[in-house]
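Input: a single structure, listed below in structure tokens.
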Amino acid sequence: MSGAGEPPVLKRILETCVYVADMQVARDFYEAVMGLAPQFPEERITGYRLGDGMLLLFKAGGTLQPVQTPGGEIPPHDGSGPAHFAFSIEAGQEAAWKQHLAAHGVALESGVHWRKDNSTSLYFRDPDGHLVELATPGLWGIA
């Protein structure tokens, strides 16, 4: 786009969306295992507030048509395959999370110590196979 100039500034990621096969199974996981409270639990979409952002669960195939709202139309979207996203956790909480996940029957898939950032990531899967990461402060210089 030659001559278009610099884009306006982006502030942050506002939403992270994943698509789930069974909304109730996904909600059970994110509420019981991850300790999240739904802001709006529906069969098509469930949203969880985390800090100044939202984790949105969409029923797979449930957003293939435009959705009319009083303020306008939301265009269709969908996704397939395992997605990846990360939650920020406090430093020193890795062992507590490992114990908590094990108590809920969630297998830890991997753990990585990032020497450059002096941070740690724990990786596991949600019921839909999405790769969930728990990262201690320092990852990317922001976690």
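The values are calculated or read from the model by the stated rules, or taken from the named source; none is laboratory data. On a predicted model such as this, the values are computed, not experimentally measured, just so you know. So basically every Cβ, Gly included, is an ideal-geometry build from the backbone, and we count neighbours across all protein chains shown. SASA here: full protein model, heavy atoms, side chains in, ligands and nucleic acids out. Shrake-Rupley method; radii C 1.70, N 1.55, O 1.52, S 1.80 Å.
Between Thr46, Thr69, Thr16, which gets the highest mean-square fluctuation from a Gaussian network model of the chain, Cα cutoff 10 Å? Maximum fluctuation in the GNM of the chain, among the listed residues, is at Thr69. Bridge orientation summary for the chain: considering DSSP beta bridges with both residues in this region, about 70 percent are antiparallel. As an equivalent ellipsoid, the chain spans semi-axes of 28, 23, 13 angstrom, where each value is the square root of five times an eigenvalue of the C-alpha gyration tensor, largest first.
Which percent of the accessible heavy-atom area of the stretch 12-66 goes to carbon and sulfur, probe 1.4 angstrom? Intermediate results must be reported in sequence, preceding the final value.
On the way: 1520 of 2830 Å².
Carbon plus sulfur share of accessible area: 54 percent.
Residues whose amide H falls under 5 Å from that of Gly138, counting only those 5 or more places apart or on a different chain, are Ala143, with hydrogens built in the peptide plane. Carbon and sulfur together cover what percent of the accessible area of the stretch 69-143 at a 1.4 Å probe radius? Carbon and sulfur: 55 percent of the exposed surface of the stretch 69-143.
Each Lys or Arg adds one and each Asp or Glu takes one away; over the other residues whose Cβ falls under 11 Å from the Cβ of Val132, this sums to -3. Across the chain, Cα pairs under 8 Å and at least six residues apart give a relative contact order of 20 percent. Charges were assigned to the Cβ only: +1 to each Lys and Arg, -1 to each Asp and Glu. The resulting dipole of the stretch 43-94 about its Cα centre is roughly 180 debye. Per residue, the chain exposes 63 Å² of solvent-accessible protein surface, assessed with a 1.4 angstrom probe and all protein chains in place.
Cross-link partners for Lys116 among the lysines, with Cα-Cα distance under 30 Å and sequence neighbours closer than 8 places in the same chain left out: Lys11, Lys98.
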